[in-house]
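See structure below.
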Amino acid sequence: MADLVLGIATSHTPMLTLPAELWASFSKNDERNPELAFPPHGVVMSYEEGLRQITPEIAAKFRGAEPYRAQAEACQRALDELSATLRAVNPDVTVIIGDDQDEWFFEDNMPALSVYWGDTAPLIPREMTPGTRAPEVLEAIRRGYGDMALDVPVASTFGRYLIEYLIEHDFDVAHMRYVKQPYGGRVARRYPTKQGELDYVRETPPRTQLYSAASEALNWVALGGVMQKTDLKMELLDYVPVYRTPAGTGGGWAFARWR
């Protein structure tokens, strides 16, 4: 019987791959991002709409680039601590919970939950679209996501066991053993807006375009559910809220471990 010995969690953002001096340049993209979700209801608005409706209290939290270096250093310290923790534990099997971002799943087949159990998983260097951001930002993001093609070994036998276990315990889980290459598809954007839903479709190839999504919080929900059944205790290493524009756009990045 396997023992759960560690749980680690981190937020995901390309800014975690960037040095502090590039954060301001990265933030400029918010002004033309059509998928900005604003609190308290998560309604998607344009940057200009968000800027008009932002409360003075939220707007006051934006202080330009002044806090970026301290925030970037706090994030890196937390990531280094999580990395050191994983290396020290050296588990036999690591289960990674992630959300697909228009990479492997499209509207021809969009499972709510899928387990990959191939012998290896392909890591394909990310191709950056010129002109979408400053060249130095694109290069830093590309390096951060991995600039060397790899076939990462997978504990496929354990993956099959996990699939069978989930089915026996009433989870309607999908499974996959390989990724078709080349591969791509259509994904409709259905975020709520004041007028109904966002109405456009994205054509995307796998792992060459990554987009952030609030649904990433579900990764934490899944991990928290698993850890709740153990004796491991949660330790919040840091929470770094970043307000990167006057419209209050940005992110709240958390780093935690259960041990």
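The values are calculated or read from the model by the stated rules, or taken from the named source; none is laboratory data. If you're wondering where the values come from, they're calculated on a predicted model, not measured in any experiment. Methodologically, a virtual Cβ is constructed for each residue, glycine included, from the backbone with ideal geometry; neighbour enumeration extends over all protein chains shown.
Would you mind telling me which numbered condition in (1) more than 18 Å from Met176 (Cβ to Cβ); (2) within 18 Å of the chain's Cα centre (by Cα); (3) not assigned by TED's automatic domain parsing to the domain that holds Pro241 Gln76 fails?
Only one criterion in (1) more than 18 Å from Met176 (Cβ to Cβ); (2) within 18 Å of the chain's Cα centre (by Cα); (3) not assigned by TED's automatic domain parsing to the domain that holds Pro241 is unmet by Gln76, namely (3).
Check region 119-131 and report whether any residue there is of a type outside the set (Lys, Arg) and modelled with pLDDT of 95 or more.
yes
Considering Pro206, Pro241, Pro246, which residue is assigned to a strand (DSSP E or B) and either touching a Phe, Trp or Tyr at 6+ places or on another chain (Cβ under 8 Å) or modelled with pLDDT of 95 or more (or both)?
Only one candidate passes the filter, namely Pro241.
Being in contact with a strand residue (DSSP E or B) (Cβ under 6 Å, 6 or more places away or on another chain), touching a residue at least 60 places away in the same chain (Cβ under 8 Å) and not in a strand (DSSP E or B) is true for just one of Glu136, Glu81, Glu103, Glu127. Which residue is that?
None of the others qualify; the one that does is Glu81.
For the list (1) at pLDDT below 85; (2) within 26 Å of Glu35 (Cβ to Cβ), I need the number of the one condition that Gln181 fails.
The single condition Gln181 does not satisfy is (2).
Looking only at residues in region 217-251 that are in contact with a Leu (Cβ under 8 Å, 6 or more places away or on another chain), farther than 16 Å from Ile97 by Cβ and among the hydrophobic types (A, V, I, L, M, F, W, C), which one is surrounded by the fewest Cβ atoms within 10 Å (Cβ to Cβ)?
Result: Leu237.
Being assigned to a loop (DSSP other than H, G, I, E, B) and modelled with pLDDT of 90 or more is the requirement here; does Ile96 meet it?
yes
Among the strands (runs of 3 or more DSSP E) lying completely within region 7-50, list those that include at least 2 residues that are out of contact with any Leu (no Cβ under 8 Å at 6 or more places or on another chain) and either modelled with pLDDT of 95 or more or over 28 Å from Thr85 (Cβ atoms) (or both).
36-38
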